[in-house]
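Asker: Dumping the structure here so I can ask a few things about it.
Nothing in this text is a laboratory measurement; each read-out follows from the coordinates by a stated rule. All figures in this text were calculated on a predicted structure; none of them were measured in a lab. Neighbour counts are summed over all protein chains in view; Cβ atoms, including those assigned to glycine, are modelled from backbone coordinates with ideal geometry.
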């Protein structure tokens, strides 16, 4: 089973839920926790992680031999992302726009384009706190997060539970993390902003045919608008985490709250059982 | 000499378009006669700035007058040695007058963020 933890709005508690769920379940079964928020990974702050393995992840960029290029423009016409352009008698490659598909090399009639690997970031992995952990780290200055997320997913063992901590938002990186999951567990707060982004996240998950369930975090702030929305949409609310000074204090010290508040381990185990039902219904 | 003005319409009377890459029209203007040739811009989902720079270069303009220019467009226009004057306001004719009077500034780098035309 693969659980993607997403939210739309940032700062709602994805990492809190991901880490506490992984710790609660690791006592009973094999767990893989994967931090897919490669632009700002932070699961490790709550763990004792030291990477056993580090490997580079890259994409292929076109390199043009100007001695062979006739400036015919076929590469630029073919490129969906306009990552390669002929302007006058110059050829420009826009590294950040390039998705590394290689189409330009195929359409070039003179064989002027070859591909070179360009590092986007790294994947660090190892065992920590009783489970397998991996995280992607996008290099500073890079914009393309999805190739790293795809590689993180490729490394998952399908025979064991995987918990994916997705990036915030509803753009390509979030879609990459949710795609192929058995359930999208959406963490929100009952505020206007929380509900606005929850709707967007539900839209993404449903368009990917991934079932959804909701956790309301900081329950007690805001109003009942998220509960009303979920009732109207038939979305189960599988957990409510109260707006509690004790939980906030533990968080601020980098301590997953299930370590100090043992009753929450059982609540996360019950949550997992509920998720299995939603995923198969 | 040919000047390109980013425009919301097909004549110099139409308001200029404040962003470069996703401007609906490019007006290619002969400054001697002040006659304008409109070229419709149909940017795709990605790389609007790059594509727009290619259109401007292939129409042999040497000066662009617009509101703001993003990083990808700036790089493309610079590669073709095209000067970019930013801060244009009003109609195409107003912008041309401001350019002729030296009231517009020559961009020394991108003046807008990527995807500026989508905001």
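Asker: Within 10 Å of each residue's Cβ, count the other Cβ atoms and sort A:247, A:84 from fewest upward.
Answerer: A:247, A:84
Asker: If you line up the long axis of helix A:263-280 against the longest principal axis of chain A, both from Cα atoms, how many degrees apart are they, to the nearest 10?
Answerer: Rounded to the nearest ten degrees, it is 60.
Asker: Cα axis of helix A:192-207 to longest principal axis of chain A: angle in degrees, 0 to 90, nearest 10?
Answerer: 60
Asker: Got a sec? How would A:122, A:270 order by Cβ neighbour count within 10 Å, fewest to most?
Answerer: Sorted ascending by nearby Cβ count, the order is A:270, A:122.
Asker: Also, quick follow-up: At 222 nm, what value in deg cm²/dmol follows for the protein assembly as shown if DSSP H runs of at least 4 each add -39500 (n - 2.57) and the sum is divided by all its residues, to the nearest 500?
Answerer: Taken over the protein assembly as shown, the calculation gives -8500 deg cm²/dmol.
Asker: How high is the FRET efficiency between residue A:45 and residue A:267 when r is their beta carbon distance and R₀ equals 22 Å, given to the nearest 0.05?
Answerer: 0.50
Asker: Helix B:48-58 versus the longest principal axis of chain B: what angle, 0 to 90°, nearest 10, using Cα atoms?
Answerer: 50
Asker: With springs only between Cα atoms under 10 Å, which of A:158, A:147, A:236 fluctuates most in a Gaussian network model of chain A?
Answerer: Maximum among the listed residues: A:158.
Asker: Further question: Taking the Cβ of each residue in B:111, B:35 as the centre, tally the other Cβ atoms inside 10 Å and list the residues starting with the fewest.
Answerer: Ranked by crowding around the Cβ, least crowded first: B:35, B:111.
Asker: If you take every DSSP beta bridge fully contained in the range A:154-243, what fraction is antiparallel? Give it as a percent rounded to 5.
Answerer: Looking only at bridges with both residues in the range A:154-243, the antiparallel portion is about 0 percent.
Asker: Of the candidates A:42, A:89, A:67, which one comes out as most mobile in a Gaussian network treatment of chain A with C-alpha springs shorter than 10 Å?
Answerer: A:67
Asker: In a Gaussian network model over chain A where Cα atoms closer than 10 Å are linked, find which of A:22, A:232, A:200 has the largest mean-square fluctuation.
Answerer: Most flexible of the set in this elastic network: A:232.
Asker: Once label points are set 7 Å from the Cα along Cα→Cβ at both residue B:115 and residue B:97, what is their separation, rounded to one decimal in nm?
Answerer: In this crude label model, residue B:115 to residue B:97 measures out at 3.8 nm.
Asker: Please say if chain B is rounded, prolate or oblate, where rounded means a/c under 1.5 for a ≥ b ≥ c the square roots of the C-alpha gyration tensor eigenvalues, and otherwise the choice is prolate for a/b larger than b/c and oblate otherwise?
Answerer: rounded
Asker: In peptide A:73-86, what is the residue-averaged number of other protein chain Cβ atoms found within 10 Å of each Cβ?
Answerer: Counting Cβ atoms of other protein chains within 10 Å of each residue's Cβ and averaging gives 4.
Asker: Can you tell me, using C-alpha contacts under 8 Å and at least 6 residues apart, the relative contact order of chain B as a whole percent?
Answerer: 28
Asker: Could you tell me whether the range A:59-119 comes out rounded, prolate or oblate from its Cα gyration tensor? Rule is a ≥ b ≥ c as square roots of the eigenvalues, rounded for a/c under 1.5, then prolate if a/b exceeds b/c, otherwise oblate.
Answerer: prolate
Asker: What does the C-alpha gyration tensor say about the overall shape of the range A:128-269? Classify as rounded when a/c is under 1.5, otherwise prolate if a/b is larger than b/c, or oblate.
Answerer: Oblate, because a/c is 1.5 or more while a/b does not exceed b/c.
Asker: Here is a follow-up. Give me the Å³ per residue figure for the convex hull around the C-alpha atoms of the protein assembly as shown.
Answerer: Enclosed volume per residue, from the Cα hull, is 174 Å³.
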